[in-house]
Amino acid sequence: MPLAYKHSAEKSSDSFMSFPLISLMHSSLSSSPQKGDSVRCLTMLGHFGFECLPHQLVNRSIQQGFSFNILCVGETGIGKSTLIDTLFNTNLKDKKSSHFYSNVGLKIQTYELQENNVQLKLTVVRTVGYGDQINKEASYQPIVDYVDAQFEAYLQEELKIKRSFTDYHDSRIHVCLYFISPTGHSLKSLDLLTMKNIDSKVNIVPLIAKADTISKYDLQKFKCKIMTELVSNGIQIYQFPTDDEPTAQANSSMNGQLPFAVVGSMDEVKVGKRMVRGRQYPWGVLQVENENHCDFIKLRDMLLCINMEDLKEQTHIQHYEWYRCCKLKKMGFTDVGPDNKPLSYRKSLIILKESNKRRQ
């Protein structure tokens, strides 16, 4: 007998709690109810309690804490560390990199941050020596290898008989901030090559670094030129989701403003009677948190305040799933047998072992 639940707005005289009502609907076996169906409403002596599920999830999440992994790709001295400091309003004490690296490397650092009672384990991966070599053809390879290695580590944890995901530190990259040099002309071949090789593995958010070096007019032209080149080269960048009604309008607007033109600074400058984060120039002050001066606020809101969970979700259901699917197929696993019918894991393993024996 199907149950239809209704919440009563009336309060019982014996209690301060408004009781939900259960409607018992007698229907025939057909899917559509008949006109003669009778409905009886019964008052419950209490509430069900599942309305508290969201609070339980929030409390558990706060207890466990959150994690977020950022990959910063850009040339040496382009402002990667400064922007990360500015984003999280803290000094992460990262030493300046040298231009004299023979190969591209990665610097990985993990930080424990806290805002009010919310804890965040932040992992920042920065490129070192990127774009400094004469031969730049393989500059993207260490980045690809690192991203794949994190997927592989997660897959190996999944395949274990005894898994421990509660204690496992998920190091998969959630977002790649790709720093574009403010040339004002077009993307470099290295930019196109790198983004083309990682766009199926990470959520790419392109940024125009040190945007205060370009005039507003040239900046808009540069943005249009970058997006045109990305589309013509078939490079997929992260699109802020527009299917969630509360954030759809803001995300849709922000999608039209990519790539973000950003400036980072931890210096405080006096403007009028107040102190702001910005850069002092002979002609005036550039305010980092002024939307008329740069897109820093838009980046911070889109990245941390609105879409952090979506970035993590896309990493898992899109990029990781693609890696996992390709890896298992390469190992010989399949979902269907020769007769095109679904296979169990046991049967798939037997077929895999038999095929390995034949090869030997």
Mean separation of Cα contacts under 8 Å, 6 or more apart, over the residue count of region 63-142: relative contact order %: 42
For region 138-257, the fraction of alpha-carbon pairs in successive 5 Å shells from zero, as %: 2, 10, 16, 17, 16, 14, 11, 7, 4, 2, 1, 0
Distant alpha-carbon pairs in region 79-167 (separation over 22 angstrom), percent: 47
Within region 49-160, percent of DSSP bridges classed antiparallel, to nearest 5: 60
Virtual spin-label span in nm between Gln318 and Asn59, 7 Å along Cα→Cβ: 3.5
Enclosed volume per residue, in Å³, of the convex hull spanned by Cα atoms of region 180-227: 70
Members of Lys210/Lys273; Lys80/Lys136; Lys225/Lys298; Lys80/Lys273 lying beyond 24 Å, as alpha-carbon distances in this model show: Lys210/Lys273; Lys80/Lys273
Gain in span if fully extended, Thr228 to Lys341, counting 0.36 nm per residue against the direct Cα distance: 36.2 nm
Theoretical FRET efficiency, 1/(1+(r/R0)^6), r = Cβ-Cβ of Phe66 and Ala149, R0 35 Å, to 0.05: 0.95
Segments 50-60, 316-326 sorted - mean Cβ within 10 Å per residue, highest first: 316-326, 50-60
Semi-axis lengths, Å, region 199-247, gyration tensor of Cα atoms, sqrt of 5 times eigenvalues: 23, 16, 11
Net length gained if the chain between Leu328 and Gln114 were fully extended (0.36 nm per residue, minus Cα distance): 73.2 nm
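Just so you know, all these numbers are worked out from the coordinates, no wet-lab data involved. Note that this is a predicted model, so its numbers are computed, not measured. Cβ atoms come from the backbone with ideal geometry, glycine included; neighbour counts cover every protein chain shown.
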